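Note sheet for the following structure.
The values are calculated or read from the model by the stated rules, or taken from the named source; none is laboratory data. Computed from a predicted model, the values in this text were never measured in an experiment. Heads up, the Cβs are rebuilt from the backbone with ideal geometry, glycines too, and the neighbour counts pull from every protein chain shown.
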Amino acid sequence: MGSNNFVEANSAIGNSNGIVIFPNANFNQIRQNIAVGNPPIQQSTSVASPPAGGGVDIWDQSAPSNNNTFLGNMCLTSVNAPCPTVATGAVPRKPSS
């Protein structure tokens, strides 16, 4: 990722890593993305990246001074990026018969 970009409304599911922000990236807005299951469970012990040998959903490799912002992303694992707590009490709506 370069500079001054919007990464918005994307899905990153089942990859070695989901969304990766490289060290020189700055002034990017990463928002309203879904990044889960990176890497997929079948690969989690063989992918060589943090944390602990497995990939992550969102990985910000840039310095905090690079002014990248994160807003409203859905993820389960991250490095240097927020993963908001997802409420698990939601009950799916049953379709009418």
Residue check for I19: β-branched (V, I, T) and modelled with pLDDT of 90 or more: yes
Enumeration of residues in the range 18-37 that are polar (S, T, N, Q) and out of contact with any Asp or Glu (no Cβ under 8 Å at 6 or more places or on another chain): N24, N26, N28
Per-region count, the range 1-31, residues in a strand (DSSP E or B) and either closer than 13 Å to W59 by Cα or among the polar types (S, T, N, Q) (or both): 9
Out of S62, S49, sole residue that is in a loop (DSSP other than H, G, I, E, B), surrounded by 14 or more Cβ atoms within 10 Å (Cβ to Cβ), of a type outside the set (D, E) and at pLDDT below 90: S49
